[in-house]
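The values are calculated or read from the model by the stated rules, or taken from the named source; none is laboratory data. This structure is a prediction, so every number in the text was calculated from the model and none was measured. Neighbour counts are summed over all protein chains in view; Cβ atoms, including those assigned to glycine, are modelled from backbone coordinates with ideal geometry. Heavy atoms of the whole protein, side chains included, go into the accessibility calculation; ligands, DNA and RNA do not. Shrake-Rupley method; radii C 1.70, N 1.55, O 1.52, S 1.80 Å.
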Amino acid sequence: MHGRLKLRPPDAARRRQREEKLRQYREAMDALLGGAPPAQVLSLTGSVLAANPDVGTCWNLRRRALGALGGDWVPSELSFVAQCLGVNPKSYGAWHHRGWVLGHAPAPPAGREDLALCERLLAADSRNFHAWEHRRALAAGQDPEAELAFAGALLSRDFSNFSAWHHRLRLLAPARNRGEGAAGALPPERLKEELELVQNAIFTDPTDQSAWVYLRCILSRAPPPPRVICVHVDREDATVAVIFSRPVRVNPEHPELRATLDGSTLPGPWRSGEGRPRPSHTWLCHLPAPPSDCPALLEVTWEPDSTPRQVTLQPGEAEAWWQEPIVERELFWPELGVAEAQVLQDQVRMCRELLELEPQSRGCLLTLALLLAALEPRGCAQEIRQHLGGLQDADPLRWGFVADVRSRFEAALGVLGAGEGLSLSAKGLTSVPLLERLAALTRLELSGNELRALPAALGALRRLRELDLSRNRISELGAAPPLPRLELLRLDRNPIGHAPALSPLAAWPRLARLGLAETPLGSAPHGPALLAELLPGVDVTFS
């Protein structure tokens with residue numbers, strides 16, 4: 001009644017059976033925890049684990065007892081674990097114990113029994129990731145062709161088997177590392193075979209995402225390691241800024257990042273450009289006063305890269321910098337590993353053919369947009385925007401993900417055309433990536449977007465003087481990155497309602513003008529007065 005689900009109580013016989021099992025379990029656990037001898041431990045843990053393989057304490061006690069007994073217990077123990085996996089094929093404890101037993105075998109087993117076990121379990125549940133990982137461990141160091149054939153057989157029965165696609169990709173990873181041409185790319189013949197397999201899957205079921213993810217993976221490689229892409233020296237701010245291609249963490253006590261001024265190592269410590277102890281694009285170090293009558297040579301070395309970056313600060317100069325030349329493809333698809341444009345063009349042609357048949361295919365829309373951005377971003381800009389817009393309509397639940405993809409595309413286009421000023425106004429940006437590529441920027445316009453916070457890599461813009469963030473959704477600034485030259489900040493028409501939200505701005509020494517027109521703070525009681533106390537000397541405009 002009243003919406004409650006009525007459960008029929010177990011009958012007396014079932015209740016007595018459950019009570020008897022519980023009594024046996026408690027007696028066994030009391031005996032085990034009371035210090036039973038090894039032989040009895042094996043018997044007691046066997047009875048408990050055969051009924052419930054997820055009791056981790058029993059597996060631990062069993063391993064200790066097996067180590068104390070000695071002898072060749074590997075075959076019988078493997079048979080016992082197989083029985084437990086029949087009860088629960090995804091038991092973490094049982095799979096861990098099986099790996100431990102195999103590691104204690106006097107000689108490496110042939111693996112046929114384990115392969116057969118994996119095949120039985122995968123036939124029952126093709127996404128049993130324990131069985132897949134165990135199978136990969138058995139195949140490690142062996143010829144992968146048999147495993148590729150096994151994964152291919154499963155895919156021929158079900159192209160949506162994401163685990164089989166993942167298994168195939170993991171097997172091909174060593175081959176990718178041995179690939180010729182672009183680092184990490186598959187050999188041409190192998191790549192051709194994989195693309196044919198993917199094409200069959202895609203045209204069979206264009207709505208399934210598994211094959212589309214696999215396609216993007218085989219066209220890619222591992223992300224390139226972080227490297228120094230910019231060094232900025234500021235005499236007035238007495239700071240050296242080192243900017244990386246990817247966020248890194250620098251250990252202040254034993255840094256992999258070193259800087260020398262005219263041969264003398266700078267003592268540090270290094271601090272994050274985001275003002276927080278987390279990986280950052282930008283790392284800063286104090287600069288001792290360089291000589292004013294002769295050039296000063298600064299050299300920066302990042303230990304994993306080991307290539308020195310040099311900047312010369314001439315007499316009378318307030319700043320100097322070095323910046324790595326921009327590679328266009330790195331902005332749009334930095335992991336892309338296929339160097340041959342013809343391969344990518346063939347995939348573009350395939351995606352366009354499929355899109356005529358399935359205009360709502362999410363995987364096709366995303367993949368086509370990425371391929372066009374890697375091949376011809378400026379010439380195909382409108383088509384790329386059209387496909388990303390179609391993807392948002394076809395997949396509204398992932399609107400935010402698509403918005404971030406579009407934000408990266410618009411930011412990359414802006415980077416390609418940027419000089420000392422850059423306008424990304426009214427682009428629908430939810431984030432502003434790639435700011436680390438804009439060391440020379442002095443003016444940045446981001447008005448009319450969907451930003452809710454200051455861009456994370458804003459601290460990389462050491463020369464920035466004007467920043468327009470009006471007509472966004474910013475209510476709190478959070479930690480303000482160091483911007484030593486910023487003079488003008490516009491936050492008009494943002495939902496900023498209280499003065500403490502702007503207190504981080506006090507860290508910007510040159511800030512002279514602040515726009516807050518049509519913000520709740522302007523009409524809040526005592527809001528302007530509180531802001532005047534927080535930011536003395538800053539000309540604030542509320543209209």
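Quick rundown of the values:
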read-out: Selection from segment 58-97 of residues that are within 21 Å of GLN40 (Cα to Cα) and under 33 Å from the mean Cα position of the chain (by Cα); value: GLY93, ALA94, HIS97
read-out: Residue pairs meeting the criteria (Cβ under 6 Å; at least 6 apart or on separate chains; first at pLDDT 80 or above, in segment 14-40; second open to solvent by 100 Å² or more (accessible area, probe 1.4 Å)); value: none
read-out: Subset tally (residues that are assigned to a helix (DSSP H, G or I) and open to solvent by 50 Å² or more (accessible area, probe 1.4 Å)) for segment 78-114; value: 10
read-out: Residue in segment 424-436 that is in a strand (DSSP E or B), farther than 19 Å from SER245 by Cα and not polar (S, T, N, Q) present; value: no
read-out: Residue within segment 493-516 that is assigned to a helix (DSSP H, G or I) and either within 24 Å of SER245 (Cα to Cα) or acidic (Asp, Glu) (or both) present; value: no
read-out: Within segment 465-497, tally of residues that are closer than 17 Å to SER543 by Cα and either out of contact with any Ser or Thr (no Cβ under 8 Å at 6 or more places or on another chain) or among the hydroxyl-bearing types (Ser, Thr, Tyr) (or both); value: 3
read-out: The lone exception for LEU483 - which of (1) open to solvent by less than 60 Å² (accessible area, probe 1.4 Å); (2) farther than 27 Å from ARG278 by Cβ; (3) within 40 Å of the chain's Cα centre (by Cα); (4) of a type outside the set (D, E, K, R) it fails; value: (2)
read-out: Residue check for ARG227: open to solvent by 20 Å² or more (accessible area, probe 1.4 Å), at pLDDT 90 or above and touching a His at 6+ places or on another chain (Cβ under 9 Å); value: no
read-out: All positions within segment 437-459 that are closer than 19 Å to VAL327 by Cβ and either open to solvent by 20 Å² or more (accessible area, probe 1.4 Å) or not in a loop (DSSP other than H, G, I, E, B) (or both); value: ARG437, ALA440, ALA457
read-out: Check on PRO315, part of a loop (DSSP other than H, G, I, E, B), in contact with an Asp or Glu (Cβ under 9 Å, 6 or more places away or on another chain) and either over 24 Å from VAL415 (Cα atoms) or open to solvent by less than 50 Å² (accessible area, probe 1.4 Å) (or both); value: yes
read-out: Residue count for segment 319-338, restricted to those that are surrounded by 14 or more Cβ atoms within 10 Å (Cβ to Cβ) and in a loop (DSSP other than H, G, I, E, B); value: 7
